[in-house]
1. Taking other Cβ within 10 Å of each residue's Cβ, how do A:331, B:40 sort, fewest first?
2. Would you pull out the residues with amide H under 5 Å of residue A:228's amide H, same chain only if 5 or more places away, H placed 1.01 Å from N?
3. Calculate for chain B the 222 nm mean residue ellipticity that helices alone would give, adding -39,500 (n - 2.57) per DSSP H run of length 4 or more and normalising by residue count, nearest 500 deg cm²/dmol.
4. One-quarter of the Cα convex hull surface for chain A, in nm²?
5. Output the 0 to 90 degree angle, nearest 10, between the alpha-carbon long axis of helix B:32-47 and the longest principal axis computed from the alpha carbons of chain B.
6. Would you work out the relative contact order for chain A, in percent, from Cα pairs under 8 angstrom that are 6 or more residues apart?
7. In peptide A:47-57, what is the residue-averaged number of other protein chain Cβ atoms found within 10 Å of each Cβ?
8. Using amide H atoms built 1.01 Å from N in the peptide plane, name the residues 5+ places from residue A:209, or on other chains, whose amide H lies under 5 Å from its own.
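Please treat every number below as a calculation from the coordinates, not as lab data. All of these numbers come straight from a predicted model, not from anything done at the bench. Counting neighbours? That spans all protein chains shown, and the Cβs are built from the backbone with ideal geometry, glycine included.
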Amino acid sequence: MAQVTLRKVSKSYDQHVQAVKAIDLDIADEEFVVLVGPSGCGKTTTLRMIAGLEEITDGEISIAGELVNDVPPRDRDIAMVFQNYALYPHMTVFDNMAFGLKLRKFPRAEIKQRVDEAARILDIGTLLARKPKALSGGQRQRVAMGRAIVRHPKVFLFDEPLSNLDAKLRVQMRTEIKKVHQAVRTTTVYVTHDQVEAMTLADRVVVMNHGVIEQVGPPQELYHNPLTRFVAGFIGSPAMNFVPCRLETVGNQLMLRLTDEIRLPVPSSRVDRYSPYKDHNVLVGIRPEHLTELKDPAKPNVVRFDAHLDVTEPMGMEIMVHFRINGTELCGRIDPSVRAEAGEILPMSADLNHMHLIDADTGRVV
Amino acid sequence: MADGTTGISADALHGFAPSVRRGGLRRFAQRRSTIAVLMCLPLIALIAGLVVYPFFYSIYLSMLSRDATRFIGLFNYRYLLRSDTFDLVIFQSCFFAITAVFFKALIGFILAHVMHNISGRDQRIWRGLLLIPWVIPPALSTLGFWWMLSGNYSAVNWILGQFGIPQVAWLSNTWTARLWVAGVNVWYGTPFFMIMYLATLKSVPDQLYEAAAIDGATWLQKIRFISLPMLRNIISITVLFSLIVTFANFDIVQILTTGAPADTTHVFATYAFQLGIQGGNISLGAAVSLFIFPILAVFSIFILRGVGRRAREGM
């Protein structure tokens, strides 16, 4: 059982820069957790603290129930895959994979058996005699994973392992990583800045920003129920649209006033939840897939509007359309059968059943 | 024309032929390979005049009699190989070069690692301080060592005396003199090794050490399995370079011991100087100095072959 627990873990540099701010995180045995966030959010620092490559300033880190704050990396029983693979250039693929086992004085026969097994899982059996220089990026990535697998560690740590690969290979390797995890079921902590990678790989995603954890949850949970504006904007591609407006009562109806001319009725199911924010400045968050060509105006809480298209981006299975409302740039997704050209006016609909209301002052989703 | 060939007037030929030759010359001069050779010519002339000619001339000199009037073949070499003093010179040259280069490389390697682990401004300060022995002219620093070690004024002996330790004749005793000659060379040459290894260490990705730490390596194993293999080429090249320079060293031995006691600290260069310049036997001096060549050639072939192999393997 290899749970990883972080309690009030902080990391400061020179007592001025606080890279990680008292984060708490519980990672279950066999779980695949992805730390995701923009550059400088503290995700790699957190991973390196779990690995023991970075000393923690404050807090506690436990692996499999054992406090590892002062345990050196070699005694934490972890394996790590680095962004640049960090393969030993003077060793063959076999020696790279066997290095950790040789240092731990495993019998020669067992080393060979483990390396062969990992090579079979990763399909690199024919590369064992080569040096890293003679491998492609994808092959190096597999060898780096093989080096981690042969150790049978308690925890796998991945530090942006796919960021040096081209787009096609990245998708392929993403699947490989998921397959490997399903095969070996080792607790995995994976760092990436790519939210698509995070969503596709993770059992749970940890979204970090400015050294704190914004939200932890399964990918779909984060996508549909973000807790903050940051998470709502970071998860999902293209990003969620945010429209500044004011929550007002017109007659008996709670309305979102974008301009004097544009007012959107708040869905009745959400009136109670949003009422405390009456007369507050708020943001309406709505994903591009809920701004579509006019489909079913009779459906409750669907608002019709005309969009003056600035840019259209045909993607094959859909067309992304960009337009402005009250100076705010918005993105919608329309069916490829709809004729949409830049400069034209397109009748569109916004499905407010899927809207999010964000307190403009706190950035929290209401 | 009588022979039936097409006639071209002599006047026309007179005017045309030189212009053809000039055009050909111009084309030849404008060829890239010609320009390259012309631009290298000063360097070729320098190497020919200062390296190739003296080398062959010294071979010729070494086969002449003492008064340089008779060709005596390999007699000087036979004479040297039968000389007990020359046996001492060969031993001392090898002992001096190998000991000094080994300790320069070892201490330079250790210092480079220490420097590498000191951060930022502190590293710049220490690096600067440690380079001082290398920038002081060796003749001057050797004089300083001579002053610290010589019988009459020895500062080292004075310090030992403060602790009640009896005086030692550092430069009059064969083995202490040999060790000090090598020691001064180590003192002078170590910073060069340190700076070369430090520069290479900085180019080794930190992630290799981090990967090794996670794989279970101790600091000693990181040095053995990461640093040493990654630095192997630069170690080979610096050792070869230093062997060449140290084998041919002259100033340290000449100033510190002048080959004394009893010629036991002579190296090839100082012995060649003593025989050739001070003893007036230029031919024998030339023969002594030429002994360095085959020794260094063997070293060079082995070391450069290893460097070439590793370069092909991409390390």
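1. Neighbour counts put them in this order, fewest first: B:40, A:331.
2. Counting only residues 5 or more places away or on other chains, the set is A:365.
3. Numbers: 16 runs with 230 residues, N = 315.
The per-residue figure over chain B is -23500 deg cm²/dmol.
4. On the way: hull surface 89.9 nm².
Hull-based average projected area comes out at 22.5 nm².
5. Approximately 50 degrees, to the nearest ten.
6. Numbers: 755 pairs, mean separation 55.5, N = 366.
Once normalised by length, the contact order is 15 percent.
7. For peptide A:47-57, the averaged partner shielding equals 1.
8. A:214
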